[in-house]
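Just below is one structure, and these are the notes that go with it.
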């Protein structure tokens, strides 16, 4: 078995009382490929154990890959608070640190953060380990 180790991404956020704090998220750099068109830059995507599917902003598919977003199969994502957003499914390859696999990404005009979810990302690995104290993500394949 091989493994990939990614340190958590450090960011800042405001608490409800306005205090600035450091936060750490399992964000990893990936590249997408569609019909032999590979994104030229890395895309920082959140590895989200609460997401069922991969969900990316439509602008990534349109501008970086040339995908006609609305030609994909239309699906509806339900999120926190029951908010629903429309997305369109497209087959892509995901590349990360020497690992590559074909999967589906749902692209939405209402999504701002690239998200890697369980059925479209986690299933390609034998283990997905979140080490909160060490602030690292380990992908075993």
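Bear in mind these aren't lab numbers, they're just calculated from the coordinates by the rules spelled out. Being a predicted model, the structure only gives us computed values, none of them experimental. FYI the Cβ positions are ideal-geometry reconstructions off the backbone, even for glycines, and counts take in every protein chain you see.
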Part-to-part distance (alpha-carbon centres) for segment 60-122 and segment 124-141, which is given in Å: 21 Å
Angstrom value of the Kirkwood radius, inverse mean 1/r, which spans all Cα pairs in the chain: 15.9 Å
The residues 121, 130, 9, 88, sorted from fewest to most surrounding Cβ atoms within 10 Å, come out as 130, 9, 88, 121
Grab the Cα-Cα distance for residue 118 and residue 43, subtract it from 0.36 nm times how many residues apart they are, and report the gain in nm with one decimal. 25.2 nm
Taking the convex hull of the alpha carbon atoms in segment 58-115, what volume per residue do you get, in Å³? 92 Å³
Return P(r) of segment 1-49 (all Cα-Cα pairs; 10 Å bins starting at 0; whole %; ordered from short to long distances). 20, 34, 31, 12, 3
Relative contact order (%) - segment 27-135, alpha-carbon pairs under 8 angstrom, separation at least six: 33 percent
